[in-house]
Amino acid sequence: MKSRICLILVLVSIFCGVGMAGAALPGPTEQLRGTIDRIIETLRDRSLPRDEMLSRVSVLVRSKFDFWAMSQRTLAVNWNRATPEQRQRFVALFSQLLEDTYRERIGSYTYQNEYVKYISEKVEGTRGEVHTIVVANNEIPVTYRVRLKGQEWLVYDVVVEEVSLISNYRSTYNEIVRREGMDGLLKRMEQRIRELQAANKKGSAQ
């Protein structure tokens with residue numbers, strides 16, 4: 001069960017393909033498949049030290065995750081109300097929070113039996129969806145919402161068993177903003193990141 005949950009969390013945090021060259025632009029499924037395969041191979045490589053494995057995963061996360069678009073959708077109306085400085089700070093903290101969250105959950109699992117089935121894709125202009133199933137002890141439907149930016153399809157939301165990652169954060173964060181203001185939300189995020197990093201540091205030392 002824990003292994004299945006952790007794989008899903010990693011796939012939630014790691015989306016979309018590698019840089020492309022050539023005339024034909026690969027579709028979102030093709031780009032997504034290449035990166036997920038590389039991520040799973042990295043997680044299964046038990047010869048890698050934990051920190052190196054996490055570092056390799058982080059490189060893919062940072063280069064392929066559309067944090068700016070995710071941040072806008074997460075804050076919704078509060079994005080327009082925030083100052084430019086608050087927006088920049090939120091994007092930085094949100095991306096760090098997602099990275100530290102999956103770092104806390106991987107490292108002690110083998111991922112030997114899990115795999116991903118690619119079911120279908122839907123593309124309308126510069127927006128698209130890739131429908132997959134994560135197969136472990138049972139089958140978990142996962143949909144990636146992507147947008148085309150340059151030559152790459154970048155993920156801005158993921159839906160696991162009909163639950164949107166962005167919607168979950170939006171409901172929580174907007175309630176905090178309502179009660180404590182934008183600066184209150186940023187302080188809470190900073191505190192959560194400190195807690196996660198302390199846990200990750202402890203895990204690396206063991």
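Restricting to region 62-83, and then to whatever is of a type in the set (Lys, Arg) and at pLDDT 95 or above, can you tell me which residue is surrounded by the fewest Cβ atoms within 10 Å (Cβ to Cβ)?
Only one residue fits best here, namely 81.
Restricting attention to helices (runs of 4 or more DSSP H) lying wholly within region 24-88, give those where 1 or more residues are in contact with a Gly (Cβ under 8 Å, 6 or more places away or on another chain) and either over 22 Å from residue 116 (Cα atoms) or among the aliphatic types (A, V, I, L, M) (or both).
28-44, 50-64
Could you grab me the full set of residues in region 94-128 that are hydrophobic (A, V, I, L, M, F, W, C), at pLDDT 90 or above and either under 19 Å from the mean Cα position of the chain (by Cα) or not in a strand (DSSP E or B) (or both)?
Within region 94-128, 94, 97 meet the criteria.
The values are calculated or read from the model by the stated rules, or taken from the named source; none is laboratory data. Remember, predicted model here, so these are calculated numbers, not experimental data. Neighbour counts run over all protein chains shown; Cβ positions are idealised from the backbone, glycine included.
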